[in-house]
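The values are calculated or read from the model by the stated rules, or taken from the named source; none is laboratory data. The model shown is predicted, which means the values in this text are computed figures rather than measured ones. Every residue, glycine as well, gets a Cβ built from its backbone with ideal geometry; the counts of neighbours run over all protein chains shown. When the accessible area is computed, the model is the full protein with side chains, heavy atoms only, and any ligands, DNA or RNA have been set aside. Shrake-Rupley method; radii C 1.70, N 1.55, O 1.52, S 1.80 Å.
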Protein chains: 2
Amino acid sequence: MKIKLLLSALLMITCLAGFSQEKQSRKAKKNSSAVSEKGLIKVSVMYPFAEGKTFDMQYYETKHMPMVAGFLGSNLVKYTIEKGTASGIPNTPLPFMAIGCFYVKDLAAYQAAIGPNRDAIRADFPNYTNVSPVILVSEVIK
Amino acid sequence: MKIKLLLSALLMITCLAGFSQEKQSRKAKKNSSAVSEKGLIKVSVMYPFAEGKTFDMQYYETKHMPMVAGFLGSNLVKYTIEKGTASGIPNTPLPFMAIGCFYVKDLAAYQAAIGPNRDAIRADFPNYTNVSPVILVSEVIK
């Protein structure tokens, strides 16, 4: 009788210890992935601001970006969207109205996925903007 | 005897079920925090490429960015560094050699922290580059 009770208690302690360890390792993984995409390739599509240029953020966020992201498959780690609000240097114009970024594992795979869909992507531009984007390919350092 | 065994088995099942649920909820939380800094203010310091312009990434990563990050205190959520490698549009020059970004909770607090240190920050520029940066303030949409 006592042995059974002891075994039950032991089982419970082992189980809870495993539970707590799992919790800590998840926490560590979560923090490291939240602060850095180090080593990934980042493709930034930047829409310059100029007088008379327009940008429909709602269309971009709900239609255009999900469409392009859909072409990229499992090579895409995440994508981001930002809305330019001001220049950080006084008395200079806003540099970009909006920037969309794709974080991918492999540049060649990105190019292979975009290539056959380039016309569809470009044909969608007039639905949300009248400016041609600047595109930067970069390596995430930190 | 049989009741004790049954209780042990029940305890183990309950414990494992809790464990598995915790695992799933961690996973969901991890994914959501890794993919978005939604709502934060992003200050991007962008170094344009041009013939004869230079950029010392090692100094920037190990000295300049940690110094500026140190001025921002708890308002700073994270900062990132990327190295421009190519233009994404064929036959056009590299738009930026490097970009450093600060993700902060509050723009006024950012400006209040940078203001008194602006001279120190600018005085450090020649240690790693001979180009003046473009600075974009933006709002993280996704």
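What the table shows:
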quantity	calculated
Set of the range B:99-115 residues, backbone N closer than 15 Å to the point 7 Å along the Cα-Cβ line of residue A:92	B:99-101
Within-13-Å neighbourhood charge of residue A:97 [Cβ basis; K, R +1; D, E -1]	-2
Cβ-vector label at 7 Å, residue B:89, separations to other copies in nm	2.1
Aspartates and glutamates whose Cα lies under 12 Å from that of residue A:142, excluding same-chain neighbours fewer than 8 positions away	A:37, B:61, B:82
Distances in nm from residue A:121 to the matching label points in the other copies, shortest first (labels 7 Å along Cα to Cβ)	3.3
From the C-alpha gyration tensor of the range A:47-142, square roots of 5λ in Å	25, 17, 11
Equivalent ellipsoid semi-axes, the range B:37-81, via Cα gyration tensor eigenvalues times 5, rooted, Å	24, 15, 7
For residue B:108, label point 7 Å along C-beta direction: distances to other copies, nm	5.3
For q = 0.23, 0.29, 0.30, 0.34 Å⁻¹, Debye-computed log10 I/I(0) when each Cα of the range B:101-142 counts as one equal scatterer	-0.96, -1.14, -1.16, -1.21
Interface burial for B against A (accessible surface, 1.4 Å probe, total of both chains, Å², rounded to 100)	4600 Å²
